[in-house]
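Student: This is the structure I want to talk about, given as C-alpha cells.
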Amino acid sequence: MRPDRLEKLAVAARRLTRQGPVAMGELAAISGISRQELRQLLVALGYRAVAEAGEESLVARPRSRRKGGNRRPRLRMDDGHPFAKLRELTLA
C-alpha cells in the first residue's frame, strides 16, 4: 500500500472510530484491499477488531494515561553529576 493511501486510511479510521465501532466494510471500500489485509493493517496501527452479531467492527484502543501527564520523573543530581554545575549558573 502506498504511504499516502495508508495515511488517508489512518485519518478515516481515526475520524470514524471517534463516534464508536466502525464496520470493516466502510474502511475496505476506502482502502481498496481485502478485509483480511485491512484487519491486519489496522490492528498493526493500534485498533482492535471486535465481532458483534456476526459482523466484525473496529474500535480504537483506549489510550493509557499516566498519572501526572507526559512528564517524566526528575532524577536527582548529586554534586558529582556533570550537569550539577550548570544548575548553579545564572544568566543575565
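The values are calculated or read from the model by the stated rules, or taken from the named source; none is laboratory data. As the structure is a computational prediction, the values presented were derived from the model and not from experiment. Counting neighbours? That spans all protein chains shown, and the Cβs are built from the backbone with ideal geometry, glycine included.
Student: Look through Ser64, Ser34 and report the one residue that is among the hydroxyl-bearing types (Ser, Thr, Tyr) and at pLDDT below 80.
Tutor: Residue meeting the stated conditions: Ser64.
Student: Restricting to region 1-17, name every residue that is in contact (Cβ under 8 Å) with a residue 24 or more places away in the chain and either part of a loop (DSSP other than H, G, I, E, B) or closer than 18 Å to Gly54 by Cβ (or both).
Tutor: Met1
Student: I'd like the full set of residues that are in a loop (DSSP other than H, G, I, E, B) and surrounded by 13 or more Cβ atoms within 10 Å (Cβ to Cβ), limited to region 21-40.
Tutor: Pro21, Ile33
Student: Another question, if that's okay. Looking only at region 1-22, count how many residues are of a type outside the set (S, T, N, Q), on the phi < 0 side of the Ramachandran plot and out of contact with any helix residue (DSSP H, G or I) (no Cβ under 9 Å at 6 or more places or on another chain).
Tutor: 9
Student: So the check is Cβ under 9 Å with 6+ separation or different chains; which pairs have a first residue in region 23-51 that's without any contact (Cβ under 8 Å) to a residue 40 or more places away in the chain and under 17 Å from Lys8 (Cα atoms) and a second one that's among the basic types (Lys, Arg) and not in a helix (DSSP H, G or I)?
Tutor: Between residues of region 23-51 that are without any contact (Cβ under 8 Å) to a residue 40 or more places away in the chain and under 17 Å from Lys8 (Cα atoms) and residues that are among the basic types (Lys, Arg) and not in a helix (DSSP H, G or I), the close pairs are Leu42/Arg48; Gly46/Arg61; Tyr47/Arg61.
For (1) within 15 Å of the chain's Cα centre (by Cα); (2) part of a helix (DSSP H, G or I); (3) at pLDDT 80 or above; (4) surrounded by 13 or more Cβ atoms within 10 Å (Cβ to Cβ), each residue gets a yes or a no:
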position: Gln19; (1), (2), (3), (4): no, no, yes, no
position: Leu42; (1), (2), (3), (4): yes, yes, yes, yes
position: Val50; (1), (2), (3), (4): no, no, yes, no
position: Gly68; (1), (2), (3), (4): no, no, no, no
position: Gly80; (1), (2), (3), (4): no, no, no, no
